[in-house]
């Protein structure tokens, strides 16, 4: 719980698939929630075009339906509780490039756009060193430095008209009624635009002059304006303060900092399992093994590991629910030597060079229970490997969908006997973390909150250590 002076806190959580608006009361409890699909515009088809290209040479995002959604929802929320604060929160893989008139000078790139080989090769020649930005060049267009490089090369005239660049969350803050600002959790989210140690724009951003086009920095909790009339409707009761906003994964991490749980390793789960470690040294990170940094709301770098755990679980389980798995089924899989070997997505995670090489060795799973159990076992092994790469030593906090996966939790605890594993039972971590910003004072002091954590009991699986050793050997083939 939090104690905020705001009577109602509305969080606009802009995701890649869905966008949610959530209303929190002053104690941080959810009062109302609604969602809308995040619109995507497809890019051009591969091959010679039949005529003039209809749009940009990349898949794009469309913010206008989401702003319409906010204009419809915020007045309804205000009738529930006076909306005194509005907090934008967004993924870290999109930018808005504005002209001098304040309108988009370029369509907003979709991070699932696939850069042409020549763009990727040219970018590799200018990409900043890992030791500066602590992020590899990610697949697709996930790296914001690559996005700007591609736009500058493909649309030079339009790019020349760009006067202001904003991170995606801060673009929504601007459109809601704020002034144009940038924010450090967005810039430090593995973008290649931020010098992590020095806490200023990277050598790449400075060399290409992009740094001079970014809007000035503001703190995530800073008030940057008030809601435009469009978003108030008639009879709006709240003060409608617009805050600068925050990167989504960092919003979730913020909750655990506010709970005073340091030191810890947070496993924030969903499509990805992302580990945030409060103690790990960033100097030891390995770009080949999917380690990187994020920056917290104070600009401090946080060592991270990641792999596409949610997506790989989905692929391996083939629709079987997680609760179909049981310890007895896991014991059978281990005893008979059924192995899921990495990796079932393009990301190799902690095992470099294994992207797209996923396979089953030994007897294949024969039922939904066996598929769910093998998927949970595989994800526990991959997560443990990621934690080894990170050098994690503290207690492990599991948040998100994997906090409800009993087999995954019990296996992770068994694989990490020197560390305690705790599962968070509170949902809506990203939006709840963003709502915390409304309770931060001008001095940046975090509010104290409590998070419901349950200690996980280790699963007793005979032969698990030998199974893990064999899994490692087979994975290297």
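The values are calculated or read from the model by the stated rules, or taken from the named source; none is laboratory data. Because the structure is predicted, anything quoted here is derived from the model rather than measured. Reconstructed Cβ throughout: ideal geometry from the backbone, glycine too, with neighbour counts over all protein chains shown.
Residue 449 meets each of the listed conditions (1) at negative phi; (2) out of contact with any strand residue (DSSP E or B) (no Cβ under 6 Å at 6 or more places or on another chain); (3) surrounded by fewer than 22 Cβ atoms within 10 Å (Cβ to Cβ); (4) part of a loop (DSSP other than H, G, I, E, B) apart from (3). Scanning segment 132-156 for residues that are surrounded by fewer than 18 Cβ atoms within 10 Å (Cβ to Cβ) and either touching a strand residue (DSSP E or B) at 6+ places or on another chain (Cβ under 7 Å) or free of Cβ contacts under 8 Å to residues at least 12 places away in the same chain (or both) gives 132, 156.
Screening 151, 147 for residues that are touching a helix residue (DSSP H, G or I) at 6+ places or on another chain (Cβ under 6 Å), at pLDDT 95 or above, closer than 21 Å to residue 39 by Cβ and part of a helix (DSSP H, G or I) leaves exactly one candidate, 151. Only residues that are more than 21 Å from residue 406 (Cβ to Cβ) and part of a helix (DSSP H, G or I) were counted in segment 323-368, giving 1.
Here 292, 283 are screened, and the one residue that is part of a strand (DSSP E or B) and over 21 Å from residue 13 (Cα atoms) is 292. Scanning segment 75-125 for residues that are assigned to a helix (DSSP H, G or I) and either in contact with a helix residue (DSSP H, G or I) (Cβ under 6 Å, 6 or more places away or on another chain) or within 19 Å of residue 186 (Cβ to Cβ) (or both) yields 119, 123. Exactly one residue among 255, 219, 230 is crowded, with 19+ Cβ neighbours inside 10 Å, touching a residue at least 40 places away in the same chain (Cβ under 8 Å), outside any loop (DSSP other than H, G, I, E, B) and out of contact with any strand residue (DSSP E or B) (no Cβ under 8 Å at 6 or more places or on another chain), and that residue is 255.
If I filter segment 183-216 down to residues being part of a strand (DSSP E or B) and in contact with a helix residue (DSSP H, G or I) (Cβ under 6 Å, 6 or more places away or on another chain), which single residue comes out as farthest from residue 242 (Cα to Cα)?
Going through the qualifying residues, I end up with 195.
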